[in-house]
1. (1) of a type outside the set (Gly, Ala, Ser); (2) crowded, with 22+ Cβ neighbours inside 10 Å; (3) closer than 24 Å to Ile82 by Cβ: which one isn't true of Ile137, the others all being true?
2. Taking Gly27 as meeting all but one of (1) within 16 Å of Val139 (Cα to Cα); (2) within 18 Å of the chain's Cα centre (by Cα), write down the number of the exception.
3. Can Phe54 be described as among the aromatic types (Phe, Trp, Tyr), touching a Pro at 6+ places or on another chain (Cβ under 6 Å) and within 19 Å of Gly195 (Cα to Cα)?
4. Can you tell me which residue in region 69-113 is nearest to Pro45 (Cα to Cα), limited to those that are outside any loop (DSSP other than H, G, I, E, B) and basic (Lys, Arg)?
5. Would you point out the residue of region 110-121, among those that are in contact with a strand residue (DSSP E or B) (Cβ under 9 Å, 6 or more places away or on another chain) and surrounded by fewer than 19 Cβ atoms within 10 Å (Cβ to Cβ), that is nearest to Ala164 (Cα to Cα)?
6. Please state which of the following conditions Lys151 fails to meet, knowing it meets all the rest: (1) closer than 28 Å to Leu36 by Cα; (2) buried (at least 23 other Cβ atoms within 10 Å of the Cβ); (3) in contact with a Gly (Cβ under 9 Å, 6 or more places away or on another chain).
Amino acid sequence: MDWGMENRLAQLIQSDGRCLFLPVDHGYFQGPTRRLENPRKTLEPLLPYADAVFITRGVLRSSVDPDKAKPIILRVSGGTSIAGKDLAYEGITTSMEEAIRLNACAVGISIFVGTDYEHDSLLNLAKLVDEGERYGIPVMAVTAVGRELKKRDARYLSLSSRIAAELGARVVKTYYCEKFERVTQGCPVPIVIAGGPKVSTEFEVLQFVHDGIQKGAIGVNLGRNIWQNAHPVAMIKAIRAIIHENATPEQAQELYDSVKSSKL
C-alpha cells in the first residue's frame with residue numbers, strides 16, 4: 001500500500017481499528033430530508049464526535065468550514081431521485097480530480113446487486129477503484145438496496161459485500177442484519193454498519209450497533225439514527241462509547257440519558 005493510501009485510511013480508521021462515520025449525503029436523492037433541511041445546523045454540534053463525514057461536494061462546500069472539517073468521504077455516485085423510476089440507475093457524478101481538490105480521504109459509491117442496473121453499478125465501482133488506486137484514494141462501496149428493504153438479509157448482504165471487496169473497495173458500508181457474522185466473515189475488507197432493522201427506541205439502536213461490532217464490523221456509518229434522534233449529541237456520544245470505549249448497550253444508554261438530562 002502506498003503512503004498516500006495508508007495515510008488516508010489512517011485518518012478514517014482510528015488507532016484502535018474502529019471508526020464512526022457520519023453520513024449527511026441523503027439529500028442527493030431524497031432532497032431536504034427531515035432534520036437535514038439545513039445541513040450546517042445539523043452537522044456543527046455533531047462534528048466533534050465523528051471520525052469522518054460522508055458528504056456530497058455541494059453540501060461540503062456550503063455547510064462545512066474548511067478550518068473545522070473532519071476527514072471527508074466524498075459521495076461520488078448519484079443521478080437518480082425518489083421521484084424517479086428506479087433508484088438503482090446511478091452513475092458517477094464527481095470526478096477523482098474533484099475529490100483531490102476537496103482533499104477527500106476517500107470516495108463512496110453505491111452498488112445495486114440483483115437489480116436491472118447491477119452490471120452498470122459494479123462497473124462504476126471497478127472504474128472508480130482503478131482511479132482511486134492511481135491517486136492513492138480509497139473507495140468505500142455502499143451495498144444499497146433502493147426501495148427493496150426486504151433485501152437486508154445475511155445472504156444478500158454477504159453476496160453484495162463480498163463482490164464489493166472483490167472489485168477492490170477498501171471499505172464496505174452495509175446494513176446490520178440477523179446472522180451478521182456471515183456478512184463480516186465473508187468479506188475480506190473492513191465493514192461499517194449503514195443501519196439496521198427499523199426500531200422504535202434508542203436502546204435498540206445501541207443494541208444492534210454493539211452486536212454488529214462484536215460480530216466483526218469496525219464501526220458505523222449512521223446518519224438518521226443519530227441526527228433524526230430528539231437528542232442527536234447524546235446519541236452520537238453513546239454510539240461513540242460503544243465503538244471506541246467498548247461500552248455495553250446499557251452503559252451507552254446511561255451516557256445517552258445523562259447527556260440528554262444535562263441539556264434539558
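Readers should treat all values here as calculations from the given coordinates under stated rules, not as data from a laboratory. Predicted, not measured: the structure shown is a model, and the values here were computed from it. Note: ideal-geometry Cβ built from the backbone for every residue, glycine included; neighbour counts use all protein chains shown.
1. (3)
2. (1)
3. Working: among the aromatic types (Phe, Trp, Tyr): yes; touching a Pro at 6+ places or on another chain (Cβ under 6 Å): yes; within 19 Å of Gly195 (Cα to Cα): yes.
Yes, satisfied.
4. Within region 69-113, the subset outside any loop (DSSP other than H, G, I, E, B) is 72-75, 77-78, 91-92, 96-101, 106-111.
Of the ones still in play, those that are also basic (Lys, Arg) are 75, 101.
Working: Arg75: 22, Arg101: 26 Å.
The qualifying residue nearest to Pro45 (Cα to Cα) is Arg75.
5. Restricting attention to region 110-121, the residues satisfying the condition of being in contact with a strand residue (DSSP E or B) (Cβ under 9 Å, 6 or more places away or on another chain) are 110-113, 118, 120-121.
Next, from what is left, pick out any that are surrounded by fewer than 19 Cβ atoms within 10 Å (Cβ to Cβ): 118, 120.
Working: Glu118: 12, Asp120: 13 Å.
Among those that are in contact with a strand residue (DSSP E or B) (Cβ under 9 Å, 6 or more places away or on another chain) and surrounded by fewer than 19 Cβ atoms within 10 Å (Cβ to Cβ), it is Glu118.
6. It fails just one condition, (2).
To keep it simple, each residue is scored yes or no on (1) assigned to a helix (DSSP H, G or I); (2) of a type outside the set (Val, Ile, Thr); (3) more than 25 Å from Glu166 (Cα to Cα); (4) in contact with a Ser or Thr (Cβ under 7 Å, 6 or more places away or on another chain).
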residue: Pro188; (1), (2), (3), (4): no, yes, no, no
residue: Lys198; (1), (2), (3), (4): no, yes, yes, no
residue: Val205; (1), (2), (3), (4): yes, no, yes, no
residue: Ile213; (1), (2), (3), (4): yes, no, no, no
residue: Ala217; (1), (2), (3), (4): no, yes, no, yes
residue: Ala230; (1), (2), (3), (4): no, yes, yes, no
residue: Ala234; (1), (2), (3), (4): yes, yes, yes, no
residue: Lys237; (1), (2), (3), (4): yes, yes, yes, no
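Let's see how each residue does on (1) under 23 Å from Gly17 (Cα atoms); (2) buried (at least 24 other Cβ atoms within 10 Å of the Cβ); (3) without any contact (Cβ under 8 Å) to a residue 40 or more places away in the chain:
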position	(1), (2), (3)
Val171	yes, yes, no
Pro197	no, no, no
Ile213	yes, no, no
Ile226	yes, yes, no
Ala230	no, no, yes
Leu255	yes, no, yes
